Amino acid sequence: MAHKNCTVIDHPLVQHKLSIMRMEETSCAEFRRLLREVSMLLAYEVTRDLPLTKVDITTPLTKMRAPVIDGKKITLVSILRAGNGILDGMLELIPSARVGHIGLYRDPQTLAPVEYYFKMPPEMSQRDVIVVDPMLATGNSAAAAISRIKSMAPLSIKFVCLIASPEGLDVFTGAHPDVHVYTASIDEKLDEHGYILPGLGDAGDRIYGTK
Ligand code: URA
């Protein structure tokens with residue numbers, strides 16, 4: 001199904017690596033390595049439209065005005081804890097990006113997302129923000145994270161995940177139609193526990209070897 005405001009990154013390298021990540025026999029070390037590699041490829045796509053500015057440089061032969069990105073304006077925001085897996089790969093490609101973290105848990109009574117951690121770089125109103133979380137499952141915590149980040153009025157916000165559920169995408173884009181989603185896959189559905197099917201299991205557990 002086509003979803004508005006969503007780009008599926010169907011590059012063969014991304015799809016191949018994601019398939020290996022999905023396999024239950026893939027080890028924690030291999031999963032982490034693949035997530036790092038896929039995250040770099042996702043970063044490549046999500047930064048495709050970044051504006052360039054020209055600076056004066058000198059090559060061994062002559063002077064020129066060369067295009068550069070102002071990486072300091074880019075802010076990566078990781079939704080804890082699994083977001084850190086994507087963050088690590090993206091930082092390899094955008095080393096001068098600033099980093100924010102947001103932690104949310106689901107209140108067992110109300111099922112509403114509750115914030116337990118929020119730390120952003122200064123001057124958020126001058127920043128282009130890329131929010132990362134591997135799994136867009138119910139969409140509730142991602143939507144709550146975006147609302148919180150919007151309260152700091154950044155210049156722009158994009159959301160990057162590895163796998164989205166159709167249900168989560170509907171919730172997310174319904175709440176934030178102005179935030180474009182980049183994902184490697186839109187899977188089949190959510191199960192009754194909020195896991196994405198076929199998915200890859202619990203992304204945090206698979207990155208960190210917890211269970
Ligand atoms: N979070 C995960 O890590 N996996 C899912 O399938 C859903 C939410």
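The values are calculated or read from the model by the stated rules, or taken from the named source; none is laboratory data. Everything numeric in this text was worked out from a predicted model, so none of it was measured. No Cβ is skipped: glycine too gets one built from the backbone with ideal geometry, and neighbour counts run over all protein chains shown. Side chains are part of the model used for accessible areas, which takes the heavy atoms of the whole protein and leaves out ligands, DNA and RNA. Shrake-Rupley method; radii C 1.70, N 1.55, O 1.52, S 1.80 Å.
Side notes on the structure shown:
- In units of the rule-of-thumb radius 2.2 N^0.38 Å, the chain shows an alpha carbon radius of gyration of 1.05.
- Per residue value of the accessible surface for the range 6-208 (all protein chains in place, 1.4 Å probe), Å²: 50
- For the range 18-143, the spread of Cα positions along each principal axis, largest first, Å: 65, 39, 20
- The C-alpha atoms of the range 86-211 occupy a region whose extents along the principal axes are 41, 32, 25 Å, arranged from largest to smallest.
- Karplus-derived 3J(HN,Hα), 6.51/-1.76/1.60, for each residue of the range 56-62, Hz, glycine and proline x: 7, 9, 10, 7, x, 10, 6
- Accessible-area ranking of Thr75, Thr58, largest first, probe 1.4 Å: Thr58, Thr75
- Rounded to the nearest 500, the 222 nm mean residue ellipticity of the chain from helices alone is -10000 deg cm²/dmol, with -39,500 (n - 2.57) taken per DSSP H run of at least 4 residues.
- In this Cβ point-charge picture (+1 for Lys and Arg, -1 for Asp and Glu), the chain has a dipole of about 860 debye about its Cα centre.
- Candidates Val38, Phe118, Ser165 compared by Cα position along the dipole of the range 6-208: farthest toward the positive end lies Phe118, with charges placed on Cβ.
- Sequence-distant residues sharing a close amide H with Leu136 (under 5 Å, placed H): Leu162, Ile163, Ala164, Ser165
- When both bridge partners sit in the range 6-208, DSSP labels roughly 35% of those beta bridges antiparallel.
- The range 32-168 - percent of accessible surface contributed by carbon and sulfur, probe 1.4 Å: 56
- Surface listing: Arg33, Arg127 arranged by accessible area from highest to lowest gives Arg33, Arg127, probe 1.4 Å.
- Probe 1.4 Å - accessible area at Arg36, Å² to nearest ten: 80
- This model, with +1 at the C-beta of Lys and Arg and -1 at the C-beta of Asp and Glu, gives the range 6-91 a dipole about its Cα centre of some 380 debye.
- Among Lys189, Lys17, Lys150, the order of accessible area from largest down is Lys189, Lys150, Lys17, computed with a 1.4 Å probe on protein heavy atoms.
- With contacts taken as Cα pairs under 8 Å at a separation of at least 6 residues, the range 6-208 carries a relative contact order of 22 percent.
- Think of the range 6-208 as a dipole: +1 on every Lys or Arg Cβ, -1 on every Asp or Glu Cβ, centred on the Cα centre; then among Leu52, Ala82, Val132, Leu52 lies furthest on the positive end.
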